[in-house]
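Reading through the structure tokens given below for one structure.
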Amino acid sequence: MTPPLTLRDIEARHPARWGAKSPMQTIRIKRLTNRSSADGRSSTDGAERRRPGPGRDLSPLLAGAATAVGGFGALLALADSGSPLRGPLTLFFLLAAPATAIGAALRGLEPFGRTLAAVAGAIVLNMLVAQGMLAVHRWSVRGGIIAMTVISFLILLSCVTVKPTKR
């Protein structure tokens with residue numbers, strides 16, 4: 001005869017017995033919250049304050065320049081140009097377009113994690129498109145660029161049309 005199994009003290013007090021989630025079951029996403037400081041100005045937790053001066057609004061300018069460079073690379077490849085810029089600019093487009101779309105979908109993550117996940121996702125999408133085109137014996141540069149453009153557009157479209165859920 002074996003004695004009935006009783007719970008040790010630490011097991012009896014464990015929060016999981018009452019349905020609590022362990023730290024491994026939760027994903028913590030830091031959100032920016034606005035707080036008012038003592039002098040009446042609002043500050044944002046987790047974000048740097050904007051610097052005064054000419055370098056404060058460079059991100060929209062850089063985003064526009066990257067879009068122009070990527071679009072020019074796609075146009076060079078679609079037009080079958082013999083320019084020496086065709087290869088690097090097309091590669092930039094093939095990495096930047098899906099990375100931007102995936103990065104927009106992951107807007108709740110921290111910047112470093114979002115950048116890393118977006119670049120990795122862009123590489124995976126490019127490899128899947130290339131593998132799919134090779135599997136059906138329809139490989140072409142134009143087809144790959146068009147496929148990546150459509151996929152990136154659909155991801156961005158889903159980010160704009162889908163309403164974020166509240167937690």
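The values are calculated or read from the model by the stated rules, or taken from the named source; none is laboratory data. Remember, predicted model here, so these are calculated numbers, not experimental data. Note that we place each Cβ from the backbone using ideal geometry, even for glycine, and neighbour counts take in every protein chain shown. Remember, those area values only see protein heavy atoms, side chains included, never the ligands or the DNA or RNA. Shrake-Rupley method; radii C 1.70, N 1.55, O 1.52, S 1.80 Å.
Of the candidates Gly132, Gly87, Gly103, the single residue that is assigned to a helix (DSSP H, G or I) and touching a Lys or Arg at 6+ places or on another chain (Cβ under 6 Å) is Gly103. Which one is surrounded by the most Cβ atoms within 10 Å (Cβ to Cβ) among residues in the stretch 128-145 that are within 16 Å of Thr90 (Cβ to Cβ) and free of Cβ contacts under 8 Å to residues at least 40 places away in the same chain? For the stretch 128-145, the residue satisfying everything is Val129.
Residues that are assigned to a helix (DSSP H, G or I) and open to solvent by 100 Å² or more (accessible area, probe 1.4 Å) were ranked within the stretch 106-127; the one that is farthest from Ile155 (Cα to Cα) is Phe112. Within the stretch 56-81, residues that are more than 16 Å from Pro98 (Cα to Cα) have Cβ atoms under 7 Å from residues that are assigned to a loop (DSSP other than H, G, I, E, B) and β-branched (Val, Ile, Thr) in no pair, counting only partners at least 6 apart in sequence or on another chain. Filtered by the rule that a residue be open to solvent by 40 Å² or more (accessible area, probe 1.4 Å), farther than 30 Å from Thr161 by Cβ and at pLDDT 90 or above, the stretch 48-81 gives a lone residue, Ala79. All of Leu116, Leu125 fail the test of being touching a helix residue (DSSP H, G or I) at 6+ places or on another chain (Cβ under 7 Å) and among the hydrophobic types (A, V, I, L, M, F, W, C), apart from Leu125.
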